[in-house]
Amino acid sequence: MNLGFSQLGDGERQPPTPISAVVFDRQVLLETVGYDNGLLRGLVLLFQEDAPLRVAELGTTLKRVWSASLATTAYALKGMVSNFASGPAYKTASTLECMGRSCEWTNAGFLIAELNLQIQQLNTDLNELLEETSSL
């Protein structure tokens, strides 16, 4: 799902192409959920329902220049992503959280677009994992 954040913010820069590398350690994730496919599926579905809403909220925050909302929404996304990975999406959400706390908006639009793509990649990888584990 492309939320169109490449048109928001400073400089109208285009976001990067999604990362093709795996963004989380599958084995660690499976161990974290105790190899419970139902728990894994529930966590993934909850993430896939809520993450796009939070990214859209970041876009609204950007349009209205609400630093506190940028910090709290990015913090929430960072927490959601941390259930699965500490890779690019986690780092970008953390950067956005710090930017909100310091009222720094430079490249916020670009970073929100980048986070959107990183979450898309995470969703793709999570869907692949669900497909692989459903047959176990």
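Among the residues making up region 84-109, those that are of a type in the set (A, V, I, L, M, F, W, C), surrounded by fewer than 21 Cβ atoms within 10 Å (Cβ to Cβ) and either modelled with pLDDT of 90 or more or assigned to a helix (DSSP H, G or I) (or both) are C98, M99, C103.
How about region 87-107: which of its residues are more than 9 Å from the chain's Cα centre (by Cα) and in contact (Cβ under 8 Å) with a residue 40 or more places away in the chain? I'd like the intermediate steps shown before the answer.
Here is the first cut: in region 87-107, the ones more than 9 Å from the chain's Cα centre (by Cα) are 87, 91, 94-107.
Hits for region 87-107 are G87, W105, T106, N107.
If the Cβ limit is 7 Å and pairs must be 6+ apart or interchain, which residue in region 108-136 that is among the charged types (D, E, K, R) pairs with which residue that is at pLDDT below 90? Here the result reads E114/P15; E114/P16; D125/V22; D125/V23; D125/F24, each pair linking region 108-136 to a residue that is at pLDDT below 90. A single entry from L58, L53, L77, L40 fulfils the requirement of being more than 13 Å from V23 (Cβ to Cβ) and either in contact with a Cys (Cβ under 9 Å, 6 or more places away or on another chain) or without any contact (Cβ under 8 Å) to a residue 12 or more places away in the chain (or both): L53. Among the residues of region 73-97, those that are farther than 25 Å from L30 by Cβ and in contact with an Asp or Glu (Cβ under 8 Å, 6 or more places away or on another chain) comprise T73, A74, Y75. Taken over region 1-49, the residue count meeting the criterion of being more than 12 Å from N123 (Cα to Cα), at pLDDT 50 or above and not basic (K, R) is 17.
State yes or no: is A74 touching a Gly at 6+ places or on another chain (Cβ under 8 Å), farther than 29 Å from S134 by Cα and hydrophobic (A, V, I, L, M, F, W, C)?
On the way: touching a Gly at 6+ places or on another chain (Cβ under 8 Å): yes; farther than 29 Å from S134 by Cα: yes; hydrophobic (A, V, I, L, M, F, W, C): yes.
Yes; evaluated as a whole, the condition is true for this residue.
The values are calculated or read from the model by the stated rules, or taken from the named source; none is laboratory data. Source: prediction; values computed, not measured. Using ideal geometry, Cβ is built from the backbone for each residue, glycine included, and neighbour counts are taken over all protein chains shown.
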